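A quick write-up on the structure given underneath.
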Amino acid sequence: RADQEESCGYDCLLGADWDMVGYDKAPLLKPTIDVSLPKEANYIAEKGGQHQLNIGPQSVTISCPETKFYDPALQQETSVNVNCGPQKYRLTVTSESGQILGGEFKNDQFGCDPCPSSYSYVPGFLSTEDFSSNGIFYDVKKVQDCKTLCEVSCHCQTFDYSKQQSRCQLIKELITKPSFSSSIGDYVLCAKAEDEEGLSCGINSKTRCFASALPPAAYNCQLPDFN
């Protein structure tokens, strides 16, 4: 980590297996790290899944495949390009659109949010009497798929997801304060961001869809009633 890199024979170290900023507040997901090819002269080596670099032009892509970065400094980006420098143990980070987000990032700022874009993580869990369910779906392999189920529902403001159980429950209410502050297993509560409320539901503005009690890939759709 940034505070442990002292005279190790490199200027920057990138990895996904140490505690990232916010690990004590949310069950962060690991990012993926891809080194751009061809490798530049300042790229040293990969050892145990950790990439050693000196200051220089080598570009490394760090991504959150299912969600977005947790650290607010990364502005909810889902993928960024990283270069070592301009100072030792500091990183310059650029968004996919080319915007420079800063040149003072540390290597422990790339943890991935447990909830996808447009949703906020709510720590804790709910008692069944504290919410109205709009369906439970199984064999949901990704949190992004649970988000899709919620958004096509038109009656979902929050969802409860477990990757280990492949279980997705849709919740009608916008949950901001759970029944209990502690969590159960790997279940995460994801609530729609306030600025997302009131947006059109369904797959587009002309078709209104809602999730049925069918496998995750199947939905019932109907035209909206404008009368």
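Quick notes on this structure:
- Of all residues in segment 121-141 being surrounded by fewer than 18 Cβ atoms within 10 Å (Cβ to Cβ) and over 19 Å from Gln164 (Cα atoms), the one that is farthest from the chain's Cα centre (by Cα): Glu129
- Strands (runs of 3 or more DSSP E) within segment 5-96 that include 1 or more residues under 23 Å from Pro114 (Cβ atoms), at pLDDT 95 or above and open to solvent by 40 Å² or more (accessible area, probe 1.4 Å): 32-35
- Every condition in (1) in contact (Cβ under 8 Å) with a residue 24 or more places away in the chain; (2) of a type outside the set (Asp, Glu); (3) out of contact with any Ser or Thr (no Cβ under 9 Å at 6 or more places or on another chain); (4) within 30 Å of Val188 (Cα to Cα) holds for Thr78 except the one numbered (3).
- Residues of segment 115-155 satisfying the condition of being at positive phi and either free of Cβ contacts under 8 Å to residues at least 24 places away in the same chain or among the polar types (S, T, N, Q) (or both): Ser118
- Counted residues, segment 150-197 - those being open to solvent by less than 10 Å² (accessible area, probe 1.4 Å) and assigned to a loop (DSSP other than H, G, I, E, B): 1
- Residue match in segment 99-113 (condition: open to solvent by 50 Å² or more (accessible area, probe 1.4 Å) and touching a residue at least 40 places away in the same chain (Cβ under 8 Å)): yes
Every residue, every condition in (1) closer than 16 Å to Val82 by Cα; (2) in contact with a Leu (Cβ under 7 Å, 6 or more places away or on another chain), yes or no:
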residue: Cys12; (1), (2): yes, yes
residue: Gly22; (1), (2): no, yes
residue: Leu29; (1), (2): no, no
residue: Ile33; (1), (2): yes, yes
residue: Leu37; (1), (2): yes, no
residue: Lys47; (1), (2): no, no
residue: His51; (1), (2): yes, yes
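The values are calculated or read from the model by the stated rules, or taken from the named source; none is laboratory data. All of these numbers come straight from a predicted model, not from anything done at the bench. Here the Cβ is made from the backbone with ideal geometry for all residues, glycine too, and neighbour counts use every protein chain on show. Calculation scope for accessible area: heavy atoms of the full protein, side chains included, ligands and nucleic acids excluded. Shrake-Rupley method; radii C 1.70, N 1.55, O 1.52, S 1.80 Å.
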